[in-house]
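Q: One structure, as structure tokens, below. Some questions next.
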Amino acid sequence: MDYMDFSKIRNIIKKYSNEKDFENTTSLQALGIESIEYVQMIIEAEDMFGIEIDDDALILEEVTTVEAFIHVVENAINKKL
């Protein structure tokens, strides 16, 4: 994944977050991201990158940090390639 994709994913998170400045280790919960925002983030990432994210990754309780969300999207991008 290149820097441009990484930046796009972080911008998706910023759009649904209460905070605009955060670390990769920040929890999605600390950013005010709940189930509905998480689903919206997934849909936006799928549309933006033309990917399909595995159902296993749709469980918010398992994807708890910014880094974990980036990893989920990155895996879907790599499967597409």
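The values are calculated or read from the model by the stated rules, or taken from the named source; none is laboratory data. Predicted model only: the values in this text are computed from it and were never measured. Using ideal geometry, Cβ is built from the backbone for each residue, glycine included, and neighbour counts are taken over all protein chains shown. Remember, those area values only see protein heavy atoms, side chains included, never the ligands or the DNA or RNA. Shrake-Rupley method; radii C 1.70, N 1.55, O 1.52, S 1.80 Å.
Q: Which of the trypsin sites (Lys or Arg not before Pro) found in region 1-78 are loop residues per DSSP with 15 or fewer other Cβ atoms within 10 Å of their Cβ?
A: Sites meeting the loop and neighbour criteria: 20.
Q: So, one more: Enter the angle in degrees (range 0 to 90, nearest 10) between the Cα long axis of helix 35-49 and the first principal axis of the Cα atoms of the chain, meaning the one along which they spread out most.
A: Rounded to the nearest ten degrees, it is 30.
Q: I need the GluC sites (Glu not before Pro) found in region 1-79, filtered to DSSP loop residues with at most 13 other beta carbons within 10 Å of theirs.
A: Answer by residue number: 19, 23, 34, 52, 61, 62.
Q: Using a probe radius of 1.4 Å on heavy atoms only, what accessible surface per residue do you get for the chain? Whole Å² is fine.
A: Value returned for the chain: 63 Å² of accessible area per residue.
Q: Hey, another quick one. Once fully extended, how much extra length lies between residue 24 and residue 79, figured as 0.36 nm per residue of separation less the alpha-carbon to alpha-carbon distance?
A: Extending this stretch completely gives an extra 17.6 nm.
Q: Provide the net charge surrounding residue 77, with neighbours chosen by a C-beta distance below 12 Å and charges set as Lys +1, Arg +1, Asp -1, Glu -1.
A: My count for the surroundings of residue 77 gives -2.
Q: Under 22 Å Cα-Cα from residue 80, which lysines qualify once same-chain neighbours fewer than 8 residues away are excluded?
A: Counting by Cα, and skipping residues close in sequence, residue 80 has these lysines nearby: 8.
Q: Then there is this: Pull up the cross-link candidates among the aspartates and glutamates for residue 20, meaning alpha carbon to alpha carbon under 13 Å and not fewer than 8 places away within one chain.
A: Result set, ordered by chain and number: empty.
Q: Turning to a different aspect of this structure: Between 47, 21, 55, where does the largest GNM mean-square fluctuation fall for the chain, given springs only between Cα atoms within less than 10 Å?
A: Fluctuation is largest for 55.
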